[in-house]
Amino acid sequence: MTFGKNKIDEFQSLVKNQILVSEDDKYLSDWRGVFKGKTNFVIFPASTKEVSNVVKLASNNEIPIVPQGGNTGLCGGATPDQSGNSILMNLTKLNTIRSIDLIGNTITVEAGCILESIHNEVDKKNKVFPINLAAKGSCTIGGNLATNAGGNNVLKYGSTSDLVLGIEAVLPDGKIINTLTALHKDNTGYALHKLLIGSEGTLAIITAATIKLFQKPKLKLSSFMQVKDIFKSIQLLQYLQSVTGNGIEAFEIMTKPILEIIHKQFPQYNKPFTSIPEMAVLVEFATTSDLDLKKNEAGETIFKNKVIEIMTNTIEKELIEDAVISQSNQQNKDLWEIRESANIAQMQEGFQLKLDISIPISKMAEFWNNTSKDLNKFHSKVKICVFGHLGDGNLHYNLMDISKDHPYVHRNQNLLKDFVYERVKKVGGSFSAEHGIGQLKIKELNKYKDKTSLELMKTIKLSLDPKNILNPGKLFTII
Ligand SMILES: Cc1cc2nc3c(=O)[nH]c(=O)nc-3n(C[C@H](O)[C@H](O)[C@H](O)COP(=O)(O)OP(=O)(O)OC[C@H]3O[C@@H](n4cnc5c(N)ncnc54)[C@H](O)[C@@H]3O)c2cc1C
């Protein structure tokens, strides 16, 4: 089905911005090109009122709406289905920064604000909003909230859900709920804003949020460290947390196969070591203290000396084999560019089975060793390309073919997925750490989520959205 001119005119009358009637692939397929949907109706509201009016009209006509932010999600959550029955609502024109409170350390932003534009805005005021991911130049804060995005700095600051004080959103009947607040404490019943975080557009369309800001670090230093194995990586994490008073901002892991792919796809990047190590971690240290900026006679800051001392100790304790430390902001950026290119490099390289898992840190080494040993034993054609946020237990445990001439992973996706997910379950982990469910992991949600929790999720969905208007077919199928 496609929408007739009359229906389009009716919606058109509700929004200032144009409605595109288009086959434009940019909006109709997901970032990886795995999911493709249909609609000839893409709508760009620019105010909460417009969102509300469109939702009311859609609800009266029982027309489903698929909310979309920057369309960088990795589970097909923002892609409409193939029926052509739904409206795609792109929120990127709803993008005003409403207010910033430098004393209370909060900012209120509309849902379509690009994450990086929020970073740039608060940077001018010496603040940071610490959700940081490689898609920051395109993803929106609304999408970050709807997927409860994680990223590189969860270790220190928590996920998106830890950083949101209140939300404004449009409910499936078009009513506007406003819980925007600068209060850090507000125990007045259910924390309704939390319900919408991670709801992937199925319960409400988020239009604005008040989020927490932090003091901008005065200095950041990153170190790329070569480690022997996963045991040593975990010991290193514990050591660094203890000597810095839980002060490290990020602790990211990359294994040899992914580093090889990154350097192959981006040969212009400098290699931190002469040869690519079996395993490396990228650690970010930061200070907000002026005292740390004082320089010694050699012109080195106290902070840099502290980091060098810590690094020397890690070598003496045999926690790491070798390390490089960034000597300038540019070098810091260069080291992070390697890590942040992992997704795109892997996509350019060829088919990958992407598994976004989280494992309790205490079980990480057990999971890692047993699973890779078993995978190699039973599926010798599989290359295990791991990278991710080891500091918070989140691994991007991606599987690729050893050789393109013998495609195995694509044909055996379900088998391999089950193989890894069963082991994840055994150690109390999750099959979806930060990317969400979307269309991609509905089967797994059904299989691994506690049954009572899943029933409760469906009950909440149906009581808020009895007509199943908002993002149907995502998270679960409601019959
Ligand atoms: C290179 C790359 C790196 C990435 N790294 C990370 C990472 O480190 N950590 C991480 O967590 N994710 C990561 N992601 C995934 C993705 O960037 C995040 O999920 C991001 O939060 C999605 O934001 P978006 O605006 O692009 O949302 P979209 O992709 O447009 O939508 C995602 C979901 O949110 C819903 N949605 C969007 N906006 C709204 C709204 N205003 N109201 C209600 N629902 C809405 C959509 O319906 C959909 O279900 C990465 C993606 C890429 C491409």
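Okay, residues lined up against (1) in contact (Cβ under 8 Å) with a residue 60 or more places away in the chain; (2) closer than 23 Å to residue 435 by Cα; (3) out of contact with any Lys or Arg (no Cβ under 9 Å at 6 or more places or on another chain):
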{"residue": "315", "(1), (2), (3)": "no, no, yes"}
{"residue": "330", "(1), (2), (3)": "no, no, yes"}
{"residue": "346", "(1), (2), (3)": "yes, yes, no"}
{"residue": "386", "(1), (2), (3)": "yes, yes, yes"}
Requested in this report: State whether one or more residues within region 291-314 are within 30 Å of residue 411 (Cβ to Cβ), at pLDDT 95 or above and crowded, with 21+ Cβ neighbours inside 10 Å.
Outcome: no
Query - Subset of region 27-46 (residues that are more than 20 Å from the chain's Cα centre (by Cα) and not hydroxyl-bearing (Ser, Thr, Tyr)) - result: 28, 36, 37, 38, 40, 41, 42, 43, 44, 45, 46
Query - Entirely in region 63-142, the strands (runs of 3 or more DSSP E) that have 2 or more residues that are of a type outside the set (A, V, I, L, M), within 8 Å of the ligand (Cβ to nearest atom) and out of contact with any Ser or Thr (no Cβ under 7 Å at 6 or more places or on another chain) - result: 65-68
Report summary line: Picked from region 143-160 (must be hydrophobic (A, V, I, L, M, F, W, C) and part of a helix (DSSP H, G or I)), the residue surrounded by the most Cβ atoms within 10 Å (Cβ to Cβ) is 146
Query raised in the report: If you check residue 169 against the conditions, is it under 21 Å from residue 65 (Cβ atoms) and out of contact with any His (no Cβ under 8 Å at 6 or more places or on another chain)?
Result: yes
Query raised in the report: Could you say whether any residue in region 55-63 is surrounded by 24 or more Cβ atoms within 10 Å (Cβ to Cβ) and under 30 Å from residue 123 (Cβ atoms)?
Result: no
Report summary line: Checked 354, 381 against criteria (under 23 Å from residue 414 (Cβ atoms) and touching an Asp or Glu at 6+ places or on another chain (Cβ under 7 Å)); the one match is 381
**Report entry** Tabulated pairs, region 63-76, first outside the structural domain of residue 37 (by TED's automatic domain parsing), second near the ligand (Cβ under 8 Å from one of its atoms) and part of a loop (DSSP other than H, G, I, E, B), C-beta under 6 angstrom, 6+ apart or interchain
**Finding:** none
Report task. Go through region 422-469 and give me each residue that's among the aromatic types (Phe, Trp, Tyr) and surrounded by fewer than 21 Cβ atoms within 10 Å (Cβ to Cβ). Result -> 448
Query raised in the report: Restricting attention to region 287-308, which residues are out of contact with any Leu (no Cβ under 7 Å at 6 or more places or on another chain) and either part of a strand (DSSP E or B) or of a type in the set (D, E, K, R) (or both)?
Result: 290, 294, 295, 297, 300, 306
Report summary line: Filtering region 169-207 for residues that are surrounded by fewer than 24 Cβ atoms within 10 Å (Cβ to Cβ) and part of a strand (DSSP E or B) leaves a count of 3
Report summary line: Sole miss for residue 294 among (1) touching a residue at least 24 places away in the same chain (Cβ under 8 Å); (2) touching a helix residue (DSSP H, G or I) at 6+ places or on another chain (Cβ under 6 Å) is condition (1)
Query raised in the report: Can you tell me how many residues in region 390-406 are touching a Gly at 6+ places or on another chain (Cβ under 9 Å) and assigned to a loop (DSSP other than H, G, I, E, B)?
Result: 2
**Report entry** Residues satisfying the stated conditions in region 248-278, i.e. out of contact with any Lys or Arg (no Cβ under 6 Å at 6 or more places or on another chain) and assigned to a loop (DSSP other than H, G, I, E, B)
**Finding:** 248, 266, 267, 268, 269, 270, 271, 272, 273, 274, 275, 277
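For (1) under 17 Å from residue 204 (Cβ atoms); (2) within 16 Å of the ligand (Cβ to nearest atom); (3) touching a residue at least 40 places away in the same chain (Cβ under 8 Å); (4) not in a helix (DSSP H, G or I), each residue gets a yes or a no:
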| position | (1), (2), (3), (4) |
| --- | --- |
| 433 | no, yes, yes, yes |
| 436 | yes, yes, yes, yes |
| 445 | no, yes, no, no |
| 452 | no, no, no, no |
| 457 | yes, yes, no, no |
| 461 | yes, yes, yes, no |
| 467 | yes, no, yes, yes |
Query raised in the report: Among the residues of region 398-410, is there at least one that is small (Gly, Ala, Ser) and crowded, with 16+ Cβ neighbours inside 10 Å?
Result: no
Query raised in the report: Quick check: is even one residue across region 187-204 away from the ligand (no atom under 13 Å from the Cβ) and touching a residue at least 12 places away in the same chain (Cβ under 8 Å)?
Result: yes
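The values are calculated or read from the model by the stated rules, or taken from the named source; none is laboratory data. A quick note: this is a predicted structure, and the numbers were derived from the prediction, not measured. FYI the Cβ positions are ideal-geometry reconstructions off the backbone, even for glycines, and counts take in every protein chain you see.
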